[in-house]
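The values are calculated or read from the model by the stated rules, or taken from the named source; none is laboratory data. Note that the structure is a prediction, hence the values are computed from the model and not measured. Glycine also receives a Cβ, built like all others from the backbone with ideal geometry; neighbour counts cover every protein chain displayed. Just so you know, the surface numbers come from the protein's heavy atoms only, side chains and all, with ligands and any DNA or RNA stripped out. Shrake-Rupley method; radii C 1.70, N 1.55, O 1.52, S 1.80 Å.
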Amino acid sequence: MNIDINDKVSSASHKNSIIFLTKVIELLNNSSDNSKELPYENTVIATVFIQMSLELAIKFAIIRNNGIRSILNDKKQTLLDDESLYNLFIENKLKVKEFDNLKNYIKTNENIFYLKKNSILLIEKFQLFRNKLVHLHYNFTNRELDYLKSELIEIIVHIIIVLLYTKDFTSPSEFYINILTKDTFKKLISNRLYINEMYNLASANNSKVFNCIFCNNKTLGMSEFICYSCLTEYDNKNIYGFTDCVFCKTQKSVIYDRLNISNNDHITKGLCLKCDIESLVYECSICETNYNLEFNENGEKQCKKGFCKND
Ligand SMILES: [Zn+2]
Ligand SMILES: [Zn+2]
Ligand SMILES: [Zn+2]
């Protein structure tokens with residue numbers, strides 16, 4: 001028998017982590033965006049479930065990076081071969097370290113797991129909520145309730161997804177869509193708190209943030225050419241062209257389709273991702289200069305059909 005024990009156990013943790021994660025996203029979306037607080041029942045369930053999802057995501061990440069033996073609590077078990085460990089796994093007899101122990105492992109190996117210091121503090125906060133709730137009760141303060149929804153989003157985006165992401169996916173968007181199902185993903189990217197969080201992130205990393213044509217959120221970072229909400233990448237120069245907007249005077253904010261432009265006399269419709277105004281874009285087939293056709297300020301000297309100013 002040739003068993004990849006690390007793959008078997010980590011896949012199981014990954015799968016279960018996503019089950020809890022999906023439930024939390026549903027709970028967040030079932031409460032109205034306008035109300036700051038979750039209903040009490042949802043608060044309790046979401047707090048416990050996010051912690052479950054997180055614990056499993058941490059186990060997944062550790063097994064993926066360091067192997068199953070690094071999460072085992074029993075010295076004798078760590079010395080067993082893969083096949084014996086697999087048999088113990090099937091019989092539910094693997095002895096796994098306490099969460100606190102695994103959390104400290106993540107904390108002291110931050111260069112492997114890419115979690116920020118703030119993330120660890122947040123994990124510890126929810127660890128406390130969960131332990132108190134499961135063992136007796138937790139009296140949430142008003143301040144804690146005020147921040148709970150946005151902290152749940154923060155844990156999903158900055159911690160769980162980071163831990164669950166693997167190089168098996170070619171892009172973060174493919175990963176998101178594959179693990180969350182289309183429906184859950186759609187719910188997540190239409191959540192106001194999620195959009196705000198993504199806007200803040202995009203703004204921190206990009207000097208210009210525009211509207212995304214796919215999810216309609218203002219979360220497209222123009223330095224990285226990626227939408228932070230739906231994770232669509234805009235950096236394929238064969239598909240996407242950008243030109244300046246003559247209406248709002250923004251540079252490179254008008255997007256147009258380069259794929260079919262040559263079949264169409266090198267003219268196509270453009271849309272400004274900042275002011276939302278549509279226009280016609282001309283792109284020279286020789287020098288690839290592009291401009292807005294309705295406002296051709298350079299007149300005769302500008303590239304046009306059969307003439308290139310740079311030729
Ligand atoms: Zn988008
Ligand atoms: Zn514009
Ligand atoms: Zn030209």
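Assorted remarks:
- The requirement of being over 30 Å from Tyr176 (Cα atoms), acidic (Asp, Glu), open to solvent by 50 Å² or more (accessible area, probe 1.4 Å) and at pLDDT 95 or above is not satisfied by Glu300.
- Yes/no for Ile179 being surrounded by 16 or more Cβ atoms within 10 Å (Cβ to Cβ), among the β-branched types (Val, Ile, Thr), under 20 Å from Glu233 (Cα atoms) and in contact with a Leu (Cβ under 7 Å, 6 or more places away or on another chain): yes
- Filter result for Ile255 (surrounded by 16 or more Cβ atoms within 10 Å (Cβ to Cβ) and either of a type in the set (Val, Ile, Thr) or out of contact with any helix residue (DSSP H, G or I) (no Cβ under 9 Å at 6 or more places or on another chain) (or both)): yes
- Every residue from the range 74-97 that is more than 36 Å from the chain's Cα centre (by Cα) and over 18 Å from Asp4 (Cβ atoms): Lys75, Lys76, Leu79
- Cβ pairs under 8 Å, 6+ apart, first in the range 196-217 and within 16 Å of ligand 3 (Cβ to nearest atom), second assigned to a loop (DSSP other than H, G, I, E, B): none
- Residues of the range 223-235 that are part of a loop (DSSP other than H, G, I, E, B) and either in contact with a helix residue (DSSP H, G or I) (Cβ under 9 Å, 6 or more places away or on another chain) or near ligand 1 (Cβ under 7 Å from one of its atoms) (or both): Ser223, Glu224, Tyr228, Ser229, Cys230, Leu231, Thr232.
- Scanning the range 258-278 for residues that are on the phi > 0 side of the Ramachandran plot and either modelled with pLDDT under 95 or surrounded by 19 or more Cβ atoms within 10 Å (Cβ to Cβ) (or both) gives Asp265, His266.
- Residue within the range 139-149 that is crowded, with 17+ Cβ neighbours inside 10 Å, modelled with pLDDT under 90 and not assigned by TED's automatic domain parsing to the domain that holds Phe60 present: no
- Screening Lys237 with (1) within 16 Å of ligand 3 (Cβ to nearest atom); (2) open to solvent by 80 Å² or more (accessible area, probe 1.4 Å) gives one miss only, at (1).
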